[in-house]
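The values are calculated or read from the model by the stated rules, or taken from the named source; none is laboratory data. Predicted model only: the values in this text are computed from it and were never measured. Counting neighbours? That spans all protein chains shown, and the Cβs are built from the backbone with ideal geometry, glycine included. Please note that ligands, DNA and RNA were not included when accessible areas were found on the heavy atoms of the full protein model with its side chains. Shrake-Rupley method; radii C 1.70, N 1.55, O 1.52, S 1.80 Å.
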Amino acid sequence: MQTFFSIAVDAFAYGMVLFVISIGLSVTMGLMRVVNLAHGAFAMIGGYIASYAAHDLGLGYAAAVLLAVFGTVIISVPIERLLYRRIYGAPELTQVLMTIGITFCIIGIANYVFGPTLKTIPLPATLQGSADLGFRSIAVHRLFAIVCGLAVAGALWYAIEKTAFGVKLRASVDNASMAAALGVRTEIIYAVSFAVAVGLAAFGGVLGAELLPVEPYYALRYMVTFLVVVSVGGAGSIPGALLACLVLGGIDTTGRYLMPEFGEFFFYLAVIAIICVFPRGLAGRAR
Amino acid sequence: MTARQNRSIGRDLIGIGAIVVAATIGYLLFPDNLALLTRIIAIGLLVLSLDLVTGYCGVATLGHAALFGSGAYAAGIAAAHYGITDPLLMTFAGILGGALAGLICGVVILRAHGLPQLVLSISLIYLFHEFANKASSWTGGSDGLSGISPDPLFGTFEFDLWGQTAYVFGVVLLLAVFTLLRLLVRSPFGMLCRGIKEDPLRIMAMGASPKVALIKMYVISGAVAGVGGALNAISTQVVGLDSLSFTQSAESLVMLVLGGTGSLFGALTGTIVFMLFEDYVSAANPFHWLTMVGALLIAVVLFAPKGLYGTAAAFIARRREKRT
């Protein structure tokens, strides 16, 4: 029971961190149909900026998070304008190569600027320690990650289902050229959702720094995990991504607790099984 | 015999001649570094096999080293555990191992399209990697599989420290594979695969089954990658987990695109350029190497989407057209 409970809490927190990072990828992939392998690199940039702000500039946790999110968005804007614009609608292979190239460059530059060591982001006193739930105590940071994940999910659900922007976004996801013909400025929709996606990735990178440590190979190591979440959930679907994060977080954490010697064997086996059964993802729609 | 057939046979001969000339130049330029040249040939076979599925069939995969590594482990296990140390039999074991891995990967990867397909290929390479790591009594795990000592080739040519036999063996294997593949991609089956890449629906309407054809191509591709893996196992006499890694898969894709997809010459050009470049630069600083590969990739995608060989070939074709 004890083990079960700690696995559940860890899996939930891990799943939520995965969700915050990959939901942006899922939305942009559904919207722009770009296979973006560089998404993890943006999460890594966020982690690096937060670590730099907290350690070298002496800022507080909240300020560091804000700086990381906005800093990453600012860095991503020229990358989007100069590089991503050219691969919208290009064949998959081209997109894979371009985004892998971007990832390699970011890894190399991050290593050159920050060095190859692991970076930590110091937590404020309120997020350290553990909270007593009466029958069990859990780390406050895990709770914080879970709450943030749920908040992001809720905010995105509201923005996409209830606002005018959400209507235009959904229209563009379904049929971009038809939406443009009806007067939706799809370019602005693209730019805004790309910025939101990158901002969320950076936020997730900072939030999950305890679970996914920030180091130069971060972008390559977890790239696969984020892509897996998106394709298992189905590109462009928030409930799908949420479900995928919880399922995959659960499988991964359970595997680590119960059979650590098998590494990620069962994780990838589960991924292959799920995709073979649902080739379009858990919540994917036929196109 | 038509003029068209004549011309393609002429190009086959030019290709074989070019490989022989390049191999000789390599031997004369780097007599002390034949191990690198042999490795280039082994990786070249991997990139050729990737070209079969990516360039000719349009399947984007980031897990192709699974086929190469399976071939290498098959040849290595045959030698280390079953005492099959004849180099030709080891190569045959590599072909079988690669083809079997090709069958497995093909059946799994071809179930999906687009992003899920890519994710399946990545998951497969990690699965193969973890499996090889776990089955350490067979594969040596993370220490690598050692104890491979191939017999002299035909009983006379020993695989010595300088790697001359391995190099010549590799060149001959490459020539044989290249000739067979030239015939394959021109055959009706090769044309069918190109058709599937262009328009699978149309091919289905014409009565062929894209899936069966692609799985066949995957098995052939696995056999080619297996030859490369076996050559690597024979020449280095050790098989490491890195031959089953995601990095190896991604690098082979980079090489293919650098040279140009959909052309056997492009695959070989890309491999040679990339490997020589890597040998010089990564010795200096592995991280700058990564930045440079990234920048190179972006540049190729933006400015030479057909790759080095494709762009050069298109340039020559344009010149020729202007003259006539």
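Counting Lys +1, Arg +1, Asp -1, Glu -1, what net charge surrounds B:GLN164 among other residues with beta carbon under 13 Å of its beta carbon?
So the surrounding residues net to -3.
To make sure I understand the rule: partners must be lysines, Cα under 23 Å from the Cα of B:LYS216, and not fewer than 8 residues away in the same chain. Which ones qualify?
Within the straight-line cut-off, B:LYS216 pairs with B:LYS197.
222 nm [θ] for chain B, helices only, -39500 (n - 2.57) per DSSP H run of 4+, per residue, to 500?
-26000 deg cm²/dmol
How many angstrom lie between the Cα centre of region A:45-107 and the Cα centre of region B:221-235?
The distance from the Cα centre of region A:45-107 to that of region B:221-235 comes to 39 Å.
Sorted by accessible area (1.4 Å probe), largest first, how do A:GLU215, B:GLU158 line up?
Reading off the accessible areas and sorting them downward yields B:GLU158, A:GLU215.
Once the other residues with Cβ under 13 Å from the Cβ of A:MET178 are scored (Lys, Arg +1; Asp, Glu -1), what is the net sum?
Counting the neighbours of A:MET178, the net charge comes to +1.
In whole Å, what is the distance between the alpha-carbon centres of region B:86-103 and region B:1-74?
Taking the Cα centre of region B:1-74 as reference, the centre of region B:86-103 is 17 Å away.
Could you tell me, in Å, what Rg and Dmax come out for the Cα atoms of the protein assembly as shown?
25.4, 88
If you take the C-alpha gyration tensor of region B:1-157, multiply each eigenvalue by 5 and take the square root, what semi-axes do you get, largest first, in whole Å? List each step's numbers first, then the result.
Values: eigenvalues 168, 139, 42 Å².
Equivalent ellipsoid semi-axes, largest first: 29, 26, 14 Å.
Mean residue ellipticity at 222 nm from the helices of chain A, using -39,500 (n - 2.57) per DSSP H segment of n ≥ 4 over the full residue count, to the nearest 500 deg cm²/dmol?
Calculated from helices alone, the mean residue ellipticity at 222 nm is -24500 deg cm²/dmol.
In bins 10 Å wide, starting from 0, what share of all Cα pairs of chain A does each bin hold, as a percent?
With a bin width of 10 Å, the distribution comes to 7, 28, 36, 22, 6, 1.
Stokes-Einstein diffusion coefficient for region B:244-316 at 10 °C in a medium of 1.306 mPa s, Rh from the Kirkwood formula over Cα pairs: what value in µm²/s?
Estimated diffusion coefficient is 128 µm²/s.
Can you give me the C-alpha center-to-center distance between region A:244-280 and region B:137-189, rounded to a whole angstrom?
Answer, in whole Å: 37.
Let me check I've understood the local charge: for B:VAL224, count other residues with C-beta under 15 angstrom from its C-beta, Lys and Arg +1, Asp and Glu -1. What total comes out?
So the surrounding residues net to +1.
Give the accessible area for A:GLU210 in Å² (nearest 10); use a 1.4 Å probe, count only protein heavy atoms, and leave out ligands, DNA and RNA.
Probe radius 1.4 Å; accessible area of A:GLU210 about 100 Å².
What is chain B's relative contact order, in percent, from Cα pairs under 8 angstrom and six or more apart in sequence?
Result for chain B is 31 percent.
In what sequence, largest accessible area first, do A:HIS55, B:HIS288 appear using a 1.4 Å probe?
Working: A:HIS55 105, B:HIS288 80 Å².
Largest accessible area first, the residues go A:HIS55, B:HIS288.
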